[in-house]
Amino acid sequence: MHCQPPRVGPVYIWLNNDQFCLLCSEPSDSDLPICTACETDLPWLGHHCQTCALPLPAPGLTCGQCLKQPPAFERVAAPWFYSFPIDSLITRFKHSAKWPLGRLLAELLAQFLQHRFDEDLERPDLLIPVPLATKRLRQRGFNQAAMLARWLSTGLDIPCDEALLLRTQDTSAQQELNADARKKNLRNAFALAADASIKGRHLALVDDVLTTGATAQALARLLMDAGAARVDVYCLARTPKPGDAT
């Protein structure tokens, strides 16, 4: 489908104009449409699992699940908790086609990732968006993960391949299922493109939110089994365990 916004128009014009914060409508004091006060007040992810980014009470820890069953991906990089206002911004971007909100989040994520690259995170060879089920792609008109990956590719100067991973089955929406059901729901749901060349490459999956990690695990296992050297996951937000406070 070709329902993505064009490379000119309202999504991109704001990069060159005086900015107003998309959260509070006050003039922005930066090149992005968000003021320093609102950016500071975003629910930044603090201490978290060194592998899956699950929120934890102290730094430098690995969660029990990752210790017990290490995932196929190496590391999750996410700047925020999935809580207000990030949850609202993602929802409006994804379900109401508010593309300027998605572009803003992608720009902030790119800044976050560049900082991580400068510190300790290994830079990947390729960005790969999580593919969207055909039915939901028809309903929504665009794949939010593909749009994020495209914007990150431009901001970080890392190639992006939107055709490498295929969604071969229209499964139930993951947010409607518990952890065990999510894993079963994704069995045989993905495949590699016939001409995929990933052997020995460091890949980074791009998605909007990581919840149980079932989708990331299924895709990372598929890529690692096909010869990838490493798979990381880049997303906007990480949810806590059910019942945990953020």
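The values are calculated or read from the model by the stated rules, or taken from the named source; none is laboratory data. This structure is a prediction, so every number in the text was calculated from the model and none was measured. Cβ: placed from backbone, ideal geometry, glycine included. Neighbour counts: every protein chain shown.
Quick notes on this structure:
- The sole residue among His115, His47 that is surrounded by fewer than 16 Cβ atoms within 10 Å (Cβ to Cβ), within 17 Å of the chain's Cα centre (by Cα), over 30 Å from Arg138 (Cα atoms) and modelled with pLDDT of 95 or more is His115.
- Flag if Ile86 is touching a strand residue (DSSP E or B) at 6+ places or on another chain (Cβ under 6 Å) and farther than 20 Å from Thr215 by Cα: yes
- Sole residue being touching an Asp or Glu at 6+ places or on another chain (Cβ under 6 Å) and not acidic (Asp, Glu), chosen from Arg92, Arg75: Arg75
- Index of the failed condition, Gly227 passing every other in (1) exposed (fewer than 14 other Cβ atoms within 10 Å of the Cβ); (2) modelled with pLDDT under 95: (2)
- Among the candidates Asp180, Asp161, Asp125, residue that is assigned by TED's automatic domain parsing to the domain that holds Gln65, out of contact with any strand residue (DSSP E or B) (no Cβ under 8 Å at 6 or more places or on another chain) and either modelled with pLDDT under 95 or of a type outside the set (Phe, Trp, Tyr) (or both): Asp180
- When segment 10-35 is filtered for residues that are part of a helix (DSSP H, G or I) and either surrounded by fewer than 18 Cβ atoms within 10 Å (Cβ to Cβ) or at pLDDT 95 or above (or both), the ones remaining, listed by number, are Pro10, Tyr12, Ile13, Leu15, Asn16.
- Among the helices (runs of 4 or more DSSP H) confined to segment 36-138, the ones with at least 3 residues that are closer than 30 Å to Ala229 by Cβ and touching a residue at least 24 places away in the same chain (Cβ under 8 Å) are located at 99-119.
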